[in-house]
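First up is the structure itself, then whatever we jot down about it.
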Amino acid sequence: MPALAGRLKDIAVSASVVMGVRARALAAEGHKVISLASGEPDFATPDHAIEAAHQAALKGDTKYPPTDGTPALKKAVQMKFRRDNGLDYALDEILVANGGKQIIMDALLATCDPGDEVLIPAPYWVSYADMAKLATGTPTFVSCPQNNGFKLRPEDLEAAITPRTKWLILNFPNNPTGAACSRAEMQAIAEVLLRHPHVWIMTDDMYEHLVYDGLEFCTIAEVEPRLKERVLTVNGTSKTYAMTGWRVGFAGGPKTLIKAMANMQGQLTSGISTISQAAAVAALEGPQDLIAERAAIYRERRDLVCGLLAEAPGLSCHKPEGAFYVYPNIAGCLGKSSKGGRAIGNDTDFALALLEEKHVATVQGAAYGMSPYIRVSYATDTESLREACRRIVEFCRELS
Ligand code: PLP
């Protein structure tokens, strides 16, 4: 067989995908598997978005779209940034892509040269590091330890920036920890970045509407307008409107960067599905009450899961401010063996044994750059969450 590309050797298959595959295999064998591994809302796409897609298809909105997004969606995104974030972007400062994921890849491809460092606060969403490598950059990490609520400390950020740092990627509320930043905390991060004008700042605000306990979401370009000319504000419809399958992401940023990103995208995929863009317009411009209603449900689930997992010996669960994940520490379970005889030497062993023996899928913290933890997604119904937590508690009680 002819050879595959060398760049593949650095690219990992996402651990949540691996867990999902094993979970489906166990389910196919007849086991009652509960998956807390996926980062996907269990709610439905709003009806008005589906209807808008239907109408767009019927009226012949089915031709190649402009690469950077349809005028209607770009206007809706412009309005969204004003309404939700107090940010003003001109239409040529906005790009639409195939999910937030493609926005991030477009940005890295458009800016990274070999040796450029992409600074990623850890724990981090699995894809950032692999995408940086694909774009010939070098991922570097700055630790956000649990004793600081998994948030980025200004002094740690300062120490991690080098002359080769090309990007800092911010993601609060965070996947996998759920940590979110207050305005004062974001301002402190901004102070550091003001001192390093060679660094681009990407803020992945995918979970902006999922913040709890009175915390107000803020985004760095609005918190510190002096940084706006080097900030890329990334967002999308996947998590907010339960539209993961429609693949709509967007960003606001400086015109030169947006144009370079659109050029990259023009050769990769061109513009995104016209039908999805019509649905996204309806989601952004339609009734927004759904967002708060769903956030209230997620908050109840977070409280439920944190409460139930507190009963699990060896596991300690930090209560996060946002997103739909908790990131329990499993240090107290290490060095033990499961009831089925599996040695628990690290968080991968823990997640695999939990899946094989109790049929609950989670993802090991190693995949997100901080161990020993597991990521538990509570984007699933209450009954499944109760049963899954019961099994996790039982699994921990049976360790010896
Ligand atoms: N950013 C974060 C932090 C995510 O968790 C995800 C999805 O899991 C994405 C981006 C990708 O979102 P999209 O579906 O818009 O590509």
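Between D113 and A57, the C-beta separation translates, for a Förster distance of 51 Å, into a calculated FRET efficiency of about 0.75.
Within the chain, DSSP assigns beta bridges of which about 50% are antiparallel (rounded to the nearest 5). Using R0 = 30 Å, the C-beta based FRET efficiency linking D303 and A27 works out to 0.60.
Return the subset of K9/K166; K74/K319; K101/K339; K63/K166; K319/K339; K32/K151 for which the Cα-Cα distance in this structure is over 32 Å, preserving the input order. Don't skip to the end; give the middle numbers.
On the way: K9/K166 23 Å; K74/K319 36 Å; K101/K339 40 Å; K63/K166 37 Å; K319/K339 28 Å; K32/K151 36 Å.
Distance filter (> 32 Å) returns K74/K319; K101/K339; K63/K166; K32/K151.
Which angle from 0 to 90°, rounded to the nearest 10, does the C-alpha axis of helix 382-397 make with the longest principal axis of the chain? Tilt of helix 382-397: around 50 degrees. Here the convex hull built on the C-alpha positions of region 47-285 has a volume of 112 cubic angstrom per residue. Given DSSP loops and a limit of at most 10 other Cβ atoms within 10 Å, what is the longest stretch of the chain that contains no such GluC sites (Glu not before Pro)? Longest run free of exposed loop sites: 30-215. Calculated FRET efficiency, E158 to A90, Cβ-Cβ distance, R0 = 35 Å: about 0.60 to the nearest 0.05. Computed over the Cα atoms of the chain, pair by distinct pair, the Kirkwood hydrodynamic radius stands at 21.8 angstrom. Springs between Cα atoms under 10 Å define the GNM used for the chain, and in it the highest mean-square fluctuation of G341, G30, G236 occurs at G30. Based on the reciprocal of the average 1/r between different C-alpha atoms, the Kirkwood radius for region 252-370 equals 18.6 Å. Taking only alpha carbon atoms, region 1-67 gives an Rg to Rh ratio of 1.18, where Rh is the Kirkwood radius.
What is the log10 of I(q)/I(0) for region 155-197, computed with the Debye formula using one identical point scatterer on each Cα and no solvent, at q = 0.25 Å⁻¹? Debye output, listed in q order: -1.01. Against the chain, whose longest principal axis comes from its Cα atoms, helix 47-58 is set at around 50 degrees.
The modelled label-to-label distance for the pair A5/R83, using points 7 Å beyond Cα in the direction of Cβ, is 3.9 nm.
Based on Cα atoms of region 83-177, Rg over Rh with Rh as the Kirkwood radius reads 0.99. Every helix of 4 or more DSSP H residues in the chain counts as -39500 (n - 2.57), and over all residues that averages to -12500 deg cm²/dmol at 222 nm. Relative to the compact-globule estimate of 2.2 N^0.38 Å, the Cα radius of gyration of region 186-229 comes out at 1.25.
Between 0 and 90 degrees, the angle of helix 71-85 with respect to the longest Cα principal axis of the chain falls at about 60 degrees. Here region 146-166 and region 239-269 have alpha carbon centers that stand 27 Å from each other.
Each reported figure results from applying straightforward, stated rules to the coordinates on display, with no laboratory input. Please read all numbers here as calculations on a predicted model, not as lab measurements. We place every Cβ from the backbone using ideal geometry, glycine too, and count neighbours over all the protein chains shown.
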